[in-house]
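Shown next, in structure tokens, is the structure this report addresses.
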Amino acid sequence: MGEFEGLGVKEMLAQPVHTRLADNVELVKLILVKNSDLIVREFTLGQGAGPPAVLFYIDGLSSNQLLDESVLRPLMQGITMSRSTASHSTASVPGTASAPGTASVPGTASVPGTASVPGTASVPGIASVPGTASVTGRASVPGTVSVPGVRDPDDVRQNRMVVSEVKTADTIGHGIDGLLSGESLLFVDGLDCAFLSGTKGWESRSPGETASEVVIRGPRDGFTENVRTNTSLIRRRIKDPMFRLESLKVGQRSQTVVNVAYIEGLAKQNVIDEVMKRLQGIQVDGIMESGYIQELISDAPYSVFPTIRYTERPDAAAAAILEGRVVILTDSTPFALIVPTYFWDALMASDDYYSRYYIGTFSRTVRYLAFIVSLTLSSIYVMLVSFHQEMIPTQLALSVAAGRESVPFPVLVEMLVMEIAFELMREAGLRMPRPVGQAVSIVGSLIIGQAAVQAGLVSPLMVIVVAVTGISSFAIPSYETSFAIRLLRFPIVIASGMFGLLGFVGALFVLAVHVLSLRSFGEPYMAPIIPFRADDQKDNLVRSPWWTMRKRPALSGQLGRQENDQRPGPQGAGGGGTEAKAPLPVSQSTGGGSGPSGQGQSSGSGGGPSGQGQPSGSGAGGGGGPSGQVGASSNAPSARRLSGRGTGDGARRRVARRPRKMLRET
């Protein structure tokens, strides 16, 4: 134990794996000293015939069942799957020659289906068990092959460990990293490398419905604290061979696993390179949550606006990847980061895409209105009441004056006190247990507000303005953006209360200049409004139908999304997604004459790029030609030319006179 005691931890981690087993065990115990959850299992390979070995694992991070069934049992019993051994375990059927070099001892029974390994002798009086091979001086175990030694590391890794993932470690530090990540660390005497087997098996919760992004219609699963579970949830939704998932460890002490997910060809390469560069440049002790990474790689760390969006929903992350964005998944947190992002993404919800487009457009319009109200309503009220009473209608001004008659505070002080009180109630309801928090919110909003009005501390209209402003902030899907608006409300209110309209406009001007200067991984933060991108407007202020959104956002490396028009519709009546079928039979048409083939026309018209529909008819005069596939409008100038030979002169005169008769009647 004294050979490595003088070395530091870094020197010991840099030590290579020694062929002497005792040296490796000493190094691991010196590095991980005083750890009660470190389990050390000593055993011998091949039922005592092989070299000694030591297995390390962390209790709680590794699965005991996997260790027992896939690592310890095969190694201790000497099970091997090597082809060379299997070739010697062939059955010796009566009437066949024995393997060269084997000796049969008198008094032994040779059971059909057994094999004699070359160079070994059967034990007298013991019958060979079918399917087994005898090793010199040892009895065979049914279904196993005992091998007295270990040939090389590949023999152990490929033939003796019945586990799906086995890696080799050349240094002690590499082995310790895998051990602390939940893998089991195996040292075998005489080998200059260690083995890391994938036996991770810690407890984790199953995917459940998210609490921060609730939807009316949509998937109910959400990310968990296990990064591998999160990647599997995304892979279930994106089965593209170009989907990439790069992994790295961030944090000098925590060694947190971070995965970067994107689709090669859709995401811009410069964005991917910038993400990897910023992640590799993080030099901190530990990463406990994705918020650490968000703050360390953000483009504008001093801005209240988030230039990196986060989500707890796998469907939202998969949709972002399909748009050409990059998703950053962090172990030990259910929140994934999405880059690059726009400001307008904070006002969009998953429901917009799972409902009909007019429902999504209406909901999105309400959110934009809530954003404007939440940011400016309090300031407008203070500005009008303090400086610009002439802009208020007379009846409303009288009501405001009557309500403020007994209030002893200026409007600005009254507004700040009410805003702070509202934030206190909101924070108390958020931090307390859910049943108690709801009770606190109800008591604060009803009892305290009513008591404040009756006591003459605040005016009734002030309570209404603060309540509407607070409720509007709840309608914004992104919590970070909602919180940013709540913070910005205070300086805008102060500027409006001190300088009136000039202060209100000046505060909004400074805010606009700041927002326009922001970028998210090279993309303008206010795009696609500023700079204006016409193709991206179909999924910004409004949510257009899916068949109209034929291109991805401009941030994608590949803009094409749909190859042709996907607009739905009934067959032969305007559908553009599929080719229109043959015309309807005569019995289903509305008045087309029939030619030799007896096929009249319907009154609908085909639409779309591939539609084969016919000109619209009024239902009274489409005549059929030789094939009966020509329909014409009775009011068109070329009705006589387009009507076929099957229509008589009388019918043509009636068609021609109809507009004149209708004019006389009108």
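Take peptides 309-316, 223-230, 291-298 and line them up by average Cβ neighbours within 10 Å, highest first, as a rough protection proxy.
309-316, 223-230, 291-298
Using the basic label-point model (7 angstrom from Cα toward the beta carbon), what is the Met242 to Gln65 distance in nanometres?
4.0
Among Tyr292, Val326, Leu279, which residue has its Cα positioned farthest towards the positive end of the charge dipole of the stretch 258-396, with +1 placed on the Cβ of Lys and Arg, -1 on the Cβ of Asp and Glu, and the dipole taken about the Cα centre?
Val326
Based on the Cα coordinates of the stretch 357-445, what is the per residue volume of their convex hull in Å³?
On the way: hull volume 13.9 nm³, N = 89.
Taking only Cα atoms, the stretch 357-445 has a hull volume of 156 Å³ per residue.
Quick one: net charge of Thr365's neighbours, Cβ under 13 Å, K/R +1, D/E -1? Let's see the in-between values first.
Details: positive: Arg364, Arg367, Arg543; negative: Asp352.
Surrounding charge for Thr365 is +2.
Quick one: dipole size for the stretch 142-278, taken about the Cα centre, charges +1 on Lys/Arg Cβ and -1 on Asp/Glu Cβ, in debye to the nearest 20.
Details: 19 positive and 19 negative charges, 124 e Å.
The calculation lands at about 600 debye.
Could you order Lys268, Lys34, Lys10, Lys277 so the one with the most accessible surface comes first? Probe is 1.4 Å.
Working: Lys268 60, Lys34 195, Lys10 170, Lys277 140 Å².
Solvent-accessible surface, decreasing: Lys34, Lys10, Lys277, Lys268.
Going by average Cβ density within 10 Å per residue, which order do the peptides 13-25, 331-343 take, highest to lowest?
On the way: 13-25: 16.6, 331-343: 23.2.
Averaged packing, sorted descending, gives the order 331-343, 13-25.
How long is the gain from Asp152 to Glu203 if the chain were fully straight, where each residue apart is worth 0.36 nm and the alpha carbon distance is subtracted? Please report the intermediate quantities before stating the final value.
On the way: separation 51, 0.36 × 51 = 18.36 nm, distance 3.52 nm.
Going from the current span to full extension adds 14.8 nm.
Calculate the dipole size of the stretch 327-401 relative to its Cα centre from +1 charges on Lys and Arg beta carbons and -1 charges on Asp and Glu beta carbons; express the result in debye to the nearest 20. Could you put the intermediate results ahead of the total?
On the way: 3 positive and 5 negative charges, 35 e Å.
So the magnitude is around 160 debye.
Using a 1.4 Å probe over the heavy atoms of the protein chains, calculate the carbon and sulfur portion of the accessible area of the stretch 360-512 as a whole percent.
Numbers: 6300 of 8120 Å².
Here it works out to 78 percent.
Excluding ligands and nucleic acids, what accessible area in Å² is computed for Glu264 using a 1.4 Å probe, to the nearest 10?
90
What distance in nm separates the simple spin-label points at Gln280 and Val162, each placed 7 Å from Cα in the Cβ direction?
4.2
Among the listed pairs Lys200/Lys268; Lys34/Lys167; Lys268/Lys538; Lys239/Lys551; Lys10/Lys277, give every one whose C-alpha distance is greater than 31 Å.
Numbers: Lys200/Lys268 35 Å; Lys34/Lys167 27 Å; Lys268/Lys538 22 Å; Lys239/Lys551 21 Å; Lys10/Lys277 26 Å.
From Lys200/Lys268; Lys34/Lys167; Lys268/Lys538; Lys239/Lys551; Lys10/Lys277, over 31 Å: Lys200/Lys268.
For the stretch 352-486, what is the accessible area per residue in Å² when the probe is 1.4 Å? Kindly include the intermediate steps, with their values, before the conclusion.
Numbers: 7370 Å² over 135 residues.
Accessible area per residue, the stretch 352-486: 55 Å².
What's the magnitude of the charge dipole for the stretch 278-379 around its Cα centre, counting Lys and Arg as +1 and Asp and Glu as -1 at the beta-carbon? Answer in Debye, nearest 20. It would help to have the intermediate numbers written out before the result.
Working: 7 positive and 11 negative charges, 79 e Å.
Approximately 380 debye in magnitude.
May I ask for the equivalent-ellipsoid semi-axes of the stretch 410-478, computed as the square root of five times each C-alpha gyration tensor eigenvalue and listed largest first in whole Å?
Details: eigenvalues 90, 45, 19 Å².
They are 21, 15, 10 Å, listed from largest to smallest.
Roughly what would the spin-label model give for Glu264 and Gln252, points 7 Å off Cα along C-beta, in nm?
The modelled label-to-label distance comes out at 3.4 nm.
Heavy-atom accessible area per residue, the stretch 156-223, 1.4 Å probe: how many Å²?
On the way: 3130 Å² over 68 residues.
Per-residue accessible area for the stretch 156-223 comes out at 46 Å².
To the nearest 0.05, what FRET efficiency results for Leu424 and Asp37 with a Förster distance of 51 Å applied to their C-beta separation?
Details: r = 43 Å, r/R0 = 0.84.
It comes out at approximately 0.75.
Please report, in cubic angstrom per residue, the volume enclosed by the convex hull of the alpha-carbon atoms of the stretch 143-256. Working shown, then result.
Working: hull volume 21.8 nm³, N = 114.
It is 191 Å³ per residue.
Which order do peptides 429-437, 318-326, 462-470 fall in by mean Cβ count within 10 Å, highest first? Please list the in-between numbers first.
Values: 429-437: 12.1, 318-326: 21.2, 462-470: 19.6.
Averaged packing, sorted descending, gives the order 318-326, 462-470, 429-437.
Where the centre of each part is set by its Cα atoms, how far does the stretch 244-265 sit from the stretch 300-367, in angstrom?
20
Give the Rg (one decimal place) followed by the Dmax (whole number) of the stretch 305-408, computed from C-alpha coordinates and expressed in Å.
Values for the stretch 305-408 (Cα only, Rg and Dmax): 21.2, 60 Å.
The values are calculated or read from the model by the stated rules, or taken from the named source; none is laboratory data. These numbers come from a predicted model, not from an experiment. All Cβ positions, glycine included, derive from the backbone under ideal geometry; neighbour counts span all protein chains shown. In case anyone asks, the SASA skips ligands and DNA or RNA and just uses the protein heavy atoms, side chains included. Shrake-Rupley method; radii C 1.70, N 1.55, O 1.52, S 1.80 Å.
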